[in-house]
Amino acid sequence: MQQPTDSSVMRNSLGRDMHGLVSALYPICRSITGDGLRQTLDVLGQHLPLQRFDVPTGTQVFDWTVPREWNIRDAYIKDRNGRRIIDFRTCNLHVVNYSTPIHRTMTLAELQPHLFTLPTHPTWIPYRTSYYKDSWGFCLSEMQRAAMTDDDYEVCIDSTLSDGSLSYGECVLPGDGGNTDEVLISCHVCHPSLANDNLSGLSVATFLAKRLLARTHRYTYRFLFIPATIGAISWLAQNQAQTTRIKHGLVLTCLGDAGAFHYKNSRRGGEVDRVAAHVLRASGAAHELRDFMPYGYDERQYCSPGFDLAVGCLSRSVWGEFPEYHTSADNLEFVTAAALEESLAIVSSMVDVLEGNRSYVNTSPFGEPALGRRGLYRSVGGSAMGDENLARLWVLNQSDGQHSLLDIAERAGMPFALIEQSARELVGVGLLRDAGNGASA
Ligand code: ZN
């Protein structure tokens, strides 16, 4: 058997840590408000400098109102022998999220309208919510429902809906030299035991933040761990004046399954969209680029016309397009260490490009400068032009202050990292200077 290389061991161990975080968060019963959400933020706070914000019930946030807080302790359906045939304690998906409390005995006929199954996958439990309508229900497998034959069942949902708050977590990593231009990284934290749809995004975002904590970066990075829709809207309402600082943004979700990558463009189009396309193409990974549409995850809040931020959405499989979506089959086996780690690598590369993308001016633009004299033209022993040499010529030729390094990488059909390395060398010998106008969009 071949011995693993050091780097493959490291890769596996990083992926294992990422999957470990998903596993630690998986059992918690999260919702858009409540203790499970705060418990999740507490776990993330062990990895990151996370600040928690609590928006009180009843707060008006644009066209929405922060709802009452939902908490649940227990829930079950008992048969006539007192046996729990449906037990919240074995799977928190069994209760329709945000169910109002109930405790009474009822006939199966009365109970049926409150039971939700997935006949196409008879062993899976669906995930349902009832955030903005007072109702209650149980989700169970079709097989469990088919086995229910008693006349009467004891039904209990020990939940509360009361004034409290909507909590979210924020981790801000300031840019070098007080640069307040921001990159927003946002993921939703409101789904209970669903691994790909919410926990994979949390894990990738958390490990990306850990990486950024260990290096310098020119942008300020703002990580949001928020309940979907109402959380993003609450954050936007409370930070409206600051949103102009956000130059680029990414919503991260569904990043732990084995599917191809999908990147959804921002509404306005922007550098982040071009960066995603470039990185995915250069990675060689299977991927698809999609146009913006006003549905999906919280990019639709950030891209609402009043804000129109350049925020795209990166996922592997797309919500609603994989059978496990919003079911008990979106579990710890459905997401893998390898997929999480590959997703982190893609997002890290995107950050590298955003960080490195800027425009330069060629200080010797009249004819080609003599690179050999400066040790920057390496003979490659034949007629073929080496990639390093060609990359330097592309950078020199295109650096008129109008073209960013990403523009050059795309026009040259070369990896951004090679173009950036060439620019660094050319700056080192004085043949390039920073155009001082940031990157072109
Ligand atoms: Zn979802």
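The values are calculated or read from the model by the stated rules, or taken from the named source; none is laboratory data. Because the structure is predicted, anything quoted here is derived from the model rather than measured. Using ideal geometry, Cβ is built from the backbone for each residue, glycine included, and neighbour counts are taken over all protein chains shown. Surface accessibility is based on the protein's heavy atoms, side chains included, excluding ligands, DNA and RNA. Shrake-Rupley method; radii C 1.70, N 1.55, O 1.52, S 1.80 Å.
Going through the range 25-40 one residue at a time, which ones are hydroxyl-bearing (Ser, Thr, Tyr) and open to solvent by 10 Å² or more (accessible area, probe 1.4 Å)?
The one that is hydroxyl-bearing (Ser, Thr, Tyr) and open to solvent by 10 Å² or more (accessible area, probe 1.4 Å): Tyr26.
Got a number for residues in the range 209-235 being away from the ligand (no atom under 16 Å from the Cβ) and assigned to a helix (DSSP H, G or I)?
Counting residues in the range 209-235 that are away from the ligand (no atom under 16 Å from the Cβ) and assigned to a helix (DSSP H, G or I) gives 8.
Go over the candidates Ser203, Ser193 one by one and state the one that is small (Gly, Ala, Ser), in the same structural domain as Arg245 (by TED's automatic domain parsing) and more than 14 Å from the ligand (Cβ to nearest atom).
Ser203
Assess whether Asp163 counts as being charged (D, E, K, R), surrounded by fewer than 23 Cβ atoms within 10 Å (Cβ to Cβ) and within 30 Å of Thr57 (Cβ to Cβ).
Details: charged (D, E, K, R): yes; surrounded by fewer than 23 Cβ atoms within 10 Å (Cβ to Cβ): yes; within 30 Å of Thr57 (Cβ to Cβ): yes.
Judged against the criteria, Asp163 is a match.
Which one is farthest from Leu199 (Cα to Cα), of the residues in the range 323-342 that are open to solvent by 20 Å² or more (accessible area, probe 1.4 Å) and within 16 Å of the ligand (Cβ to nearest atom)?
Of the range 323-342, the ones open to solvent by 20 Å² or more (accessible area, probe 1.4 Å) are 323-326, 328, 331-334, 336-338, 341-342.
Now restrict to residues that are within 16 Å of the ligand (Cβ to nearest atom): 323-326, 328, 331, 334.
Working: Pro323: 18, Glu324: 14, Tyr325: 13, His326: 13, Ser328: 14, Asn331: 10, Phe334: 12 Å.
The residue in question is Pro323.
Return the residues of the range 239-269 that are out of contact with any Lys or Arg (no Cβ under 8 Å at 6 or more places or on another chain) and small (Gly, Ala, Ser); say none if nothing qualifies. Full working, then the answer.
Here is the first cut: in the range 239-269, the ones out of contact with any Lys or Arg (no Cβ under 8 Å at 6 or more places or on another chain) are 239-245, 247-253, 266-269.
Of everything in the range 239-269, those that are out of contact with any Lys or Arg (no Cβ under 8 Å at 6 or more places or on another chain) and small (Gly, Ala, Ser) turn out to be Ala241, Gly249, Ser266, Gly269.
Among the residues of the range 386-405, is there at least one that is in contact (Cβ under 8 Å) with a residue 60 or more places away in the chain and either hydrophobic (A, V, I, L, M, F, W, C) or touching a His at 6+ places or on another chain (Cβ under 6 Å) (or both)?
no
Return the total of residues in the range 236-258 being away from the ligand (no atom under 16 Å from the Cβ) and assigned to a strand (DSSP E or B). Let's see the steps before the verdict.
So in the range 236-258, the residues away from the ligand (no atom under 16 Å from the Cβ) come out as 236-250, 258.
Now narrow it down to the ones that are assigned to a strand (DSSP E or B): 246-250.
Residues flagged as away from the ligand (no atom under 16 Å from the Cβ) and assigned to a strand (DSSP E or B) within the range 236-258 amount to 5.
Those residues that are farther than 19 Å from Leu48 by Cα and surrounded by 14 or more Cβ atoms within 10 Å (Cβ to Cβ), I need them from the range 166-180; list them, please.
Leu166
Do we have Thr180 as assigned by TED's automatic domain parsing to the domain that holds Leu48, more than 16 Å from the ligand (Cβ to nearest atom), touching an Asp or Glu at 6+ places or on another chain (Cβ under 6 Å) and more than 27 Å from Thr40 (Cα to Cα) here? Before the answer, list the steps.
Numbers: assigned by TED's automatic domain parsing to the domain that holds Leu48: yes; more than 16 Å from the ligand (Cβ to nearest atom): yes; touching an Asp or Glu at 6+ places or on another chain (Cβ under 6 Å): no; more than 27 Å from Thr40 (Cα to Cα): yes.
So Thr180 fails the test.
Does the range 254-261 contain any residue that is surrounded by fewer than 15 Cβ atoms within 10 Å (Cβ to Cβ), of a type in the set (Gly, Ala, Ser) and in contact with a Ser or Thr (Cβ under 7 Å, 6 or more places away or on another chain)?
Here is the first cut: in the range 254-261, the residues surrounded by fewer than 15 Cβ atoms within 10 Å (Cβ to Cβ) are 258, 260.
Then drop every residue that is not of a type in the set (Gly, Ala, Ser), which leaves 258, 260.
Those still in the list that are in contact with a Ser or Thr (Cβ under 7 Å, 6 or more places away or on another chain) too: 258.
Scanning the range 254-261, I find at least one residue that is surrounded by fewer than 15 Cβ atoms within 10 Å (Cβ to Cβ), of a type in the set (Gly, Ala, Ser) and in contact with a Ser or Thr (Cβ under 7 Å, 6 or more places away or on another chain), so the answer is yes.
Given the residues Leu140, Leu111, Leu115, Leu93, which is the only one that is farther than 27 Å from Asp35 by Cα and hydrophobic (A, V, I, L, M, F, W, C)? Break it down stepwise before answering.
Details: Leu140 fails: farther than 27 Å from Asp35 by Cα; Leu115 fails: farther than 27 Å from Asp35 by Cα; Leu93 fails: farther than 27 Å from Asp35 by Cα.
Going through Leu140, Leu111, Leu115, Leu93 in turn, just one is farther than 27 Å from Asp35 by Cα and hydrophobic (A, V, I, L, M, F, W, C): Leu111.
Of everything in the range 51-89, what is of a type in the set (Lys, Arg), in contact (Cβ under 8 Å) with a residue 60 or more places away in the chain, closer than 13 Å to Glu154 by Cα and surrounded by 13 or more Cβ atoms within 10 Å (Cβ to Cβ)? Give them in sequence order.
Listed by number, the list holds a single entry, Lys78.
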